[in-house]
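These notes are about the structure you will find just below.
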Amino acid sequence: MNQKKVLHLAPHLGGGVGSVVIDFLKSANLVDKSSKFVHDLGCLDANHTKTVSNLNKCNIPFEESLYSNIPKLQALVAKSDIVLLHFWNHPLLTKLLVSNVIPPCRLISWCHNSGMFEPSTIPNSLVSVSSKTIFTSSVSLQVPNLINEMKLRPKKFKVIHSRRDLLPFQKLDSNYISNKPLTKLLYIGTVSYDKLHEEILPISLKLEDLGFELIYIGGPDHEVFSSALPKKSSSIRFLGPRSNIKQYLKEADIFIYPLSPSHYGTGEQALLEAMASSLPIVAFDNPPEKQIINHKVNGILANSKDEFIKYVVDISANQRLANSLGINARNKINEHFSFPQLIFDFHRIITDELTLSSYHPKVSLQKNNSDKIFEAFVMFSFQYPNQFLETSFPYLSVSKVLDYIVLDIQNGNSKRWLSPTKGSPFHYYQYFRSSPALNYIINELQAFGGTAKSW
């Protein structure tokens, strides 16, 4: 068999994206036995020790810190038939795409962010260098800066809802079948101020007052949340990352998913895992969650803090409702989130893309901008970067960019711009401190709480 090499190229792996990619690499040729593909993995940055351990345990070969070894990266790309780029707004990935260093290849972009909210965008410049752009949720079909592109070139886009292998979670004997009081609430996922709902602590404290026990699994801000709890609070626990999440799912009564309305997620792996485990779910009616949950059929979607609390109380008092929601959630996973189908869908796309010729994927920068890092940041962190061009002379205005960010912060969106990740100025500054414009913006944003502690 004439095998074709597929290089999975990511900034790094971890969290829900890591679970999906690792399961894909581990299972691709076991699920699709007729596959003619060999899947390799390369990461631009170093991976977390837990990710390295998981890759080694699954016998998945990988290369990391490739941004520090461009010749090795170029060699991996050159010997690959397809490059499957796992995209989210990460400074190293942006810098790679704007540098003239990637050899000719066929590039498919698998976007793991929704692109709905800046700075975690799906930029037009990425689409322009990709032969195919894969969205991990149909939410991304509403990304405003891509609407015209999708109308002009609809075949260039595809939605494949991201998911890991959920079969191990479907085998769990969750507590939904019991008749005991339903008071154990569980959240699994990213615990950070830019991902969780802004009223997460008031919600949690009210539920505690009503007799519920709440467990939050995940990081990185778990200690900050824990320290913000009143001393009298004893039934709310922010435990940080845990490896035995199946045990927590098995012991939980209700899965809660209180995310920010502007969170950057799409696939919502933790939500899918809870549904596969047959747990009744209460979430907010954010766009990604609405693509997964059918309200009052396989989960409950709230549109306010008070409604969220009310729905939790309603489920806890109604065993029949809890059972019905849990069973329907598992059935939805069976019917719509097949992991083998994800692999077959990707192998079909890869097969089609192999008929195309290789090309040189490079995002072009303007020649008259001396601060290339700043221009790259603007191109990848804003949906409409040209709005920051000076009218009299075509170069980017630092003051226009700063004014835009400050106005958005004043309108209540500080978390996204002061975050240490997700394409924020602080995120780019971590990697590229030589940019005068980024230095200036960082210094000005300190007035809004963006300090060195955020970096």
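The values are calculated or read from the model by the stated rules, or taken from the named source; none is laboratory data. This is a predicted model, so every value here is computed, not measured. Here Cβ is always computed from backbone atoms with ideal geometry, including for glycine, and neighbour counts include all displayed protein chains.
Picking from residues in the stretch 345-380 that are within 18 Å of Thr121 (Cα to Cα) and among the aromatic types (Phe, Trp, Tyr), the one that is surrounded by the fewest Cβ atoms within 10 Å (Cβ to Cβ) is Phe374.
Of everything in the stretch 193-252 that is among the basic types (Lys, Arg) and touching a residue at least 40 places away in the same chain (Cβ under 8 Å), the residue that is surrounded by the most Cβ atoms within 10 Å (Cβ to Cβ) is Lys195. Examine the stretch 21-37 for a residue that is in contact with a Gly (Cβ under 7 Å, 6 or more places away or on another chain), closer than 30 Å to Gln142 by Cα, surrounded by 15 or more Cβ atoms within 10 Å (Cβ to Cβ) and touching a residue at least 60 places away in the same chain (Cβ under 8 Å), and state whether such a residue exists. No, that holds for no residue. Within the stretch 143-169, being under 13 Å from Thr133 (Cβ atoms) and not hydrophobic (A, V, I, L, M, F, W, C) holds for Asn145, Glu149, Arg153, Pro154, Lys155, Lys156, Lys158.
Take Leu342 and tell me if it is under 30 Å from Asp165 (Cα atoms), surrounded by 14 or more Cβ atoms within 10 Å (Cβ to Cβ), in contact (Cβ under 8 Å) with a residue 12 or more places away in the chain and under 26 Å from the mean Cα position of the chain (by Cα). Reasoning before the result, please.
Details: under 30 Å from Asp165 (Cα atoms): yes; surrounded by 14 or more Cβ atoms within 10 Å (Cβ to Cβ): yes; in contact (Cβ under 8 Å) with a residue 12 or more places away in the chain: yes; under 26 Å from the mean Cα position of the chain (by Cα): yes.
When the stated conditions are applied, Leu342 passes them.
Within the stretch 238-254, the residues that satisfy the criterion of being over 21 Å from Leu321 (Cα atoms) and aliphatic (A, V, I, L, M) are Leu239, Ile245.
Across the stretch 273-318, the number of residues qualifying as closer than 24 Å to Ser140 by Cα and of a type in the set (Phe, Trp, Tyr) comes to 1.
Remark: Thr391 matches the filter, which requires a residue to be farther than 27 Å from Asp194 by Cα, without any contact (Cβ under 8 Å) to a residue 40 or more places away in the chain, part of a loop (DSSP other than H, G, I, E, B) and among the hydroxyl-bearing types (Ser, Thr, Tyr). For the stretch 44-75, a tally of residues being surrounded by 17 or more Cβ atoms within 10 Å (Cβ to Cβ) and part of a helix (DSSP H, G or I) returns 6.
Checked against the criterion of being closer than 20 Å to Leu66 by Cα and either surrounded by 23 or more Cβ atoms within 10 Å (Cβ to Cβ) or of a type in the set (Lys, Arg) (or both), the candidates Thr136, Thr94 yield just one match: Thr94.
Output the residues belonging to the stretch 7-29 that are farther than 21 Å from Pro91 by Cβ and in contact with an Asp or Glu (Cβ under 7 Å, 6 or more places away or on another chain). Scanning the stretch 7-29 gives Asp23, Ser27. Restricting attention to the stretch 103-126, the residues that are closer than 20 Å to Pro287 by Cβ and surrounded by fewer than 22 Cβ atoms within 10 Å (Cβ to Cβ) total 1.
Taking the conditions (1) assigned to a helix (DSSP H, G or I); (2) touching a residue at least 12 places away in the same chain (Cβ under 8 Å) in turn, Ile292 satisfies each one other than (1).
Could you please give the count of residues in the stretch 381-393 that are surrounded by fewer than 17 Cβ atoms within 10 Å (Cβ to Cβ) and within 18 Å of Ser120 (Cα to Cα)?
First, pick out the residues of the stretch 381-393 that are surrounded by fewer than 17 Cβ atoms within 10 Å (Cβ to Cβ): 384, 386-387, 389-393.
Now restrict to residues that are within 18 Å of Ser120 (Cα to Cα): 384, 386-387.
Residues flagged as surrounded by fewer than 17 Cβ atoms within 10 Å (Cβ to Cβ) and within 18 Å of Ser120 (Cα to Cα) within the stretch 381-393 amount to 3.
Of the listed requirements (1) touching a helix residue (DSSP H, G or I) at 6+ places or on another chain (Cβ under 7 Å); (2) of a type outside the set (Ser, Thr, Tyr); (3) in a helix (DSSP H, G or I); (4) modelled with pLDDT under 95, Gln366 misses just one: (3).
Among the residues of the stretch 373-390, what is the count of those that are among the hydrophobic types (A, V, I, L, M, F, W, C) and farther than 17 Å from Asn145 by Cβ? Matching residues across the stretch 373-390 total 2.
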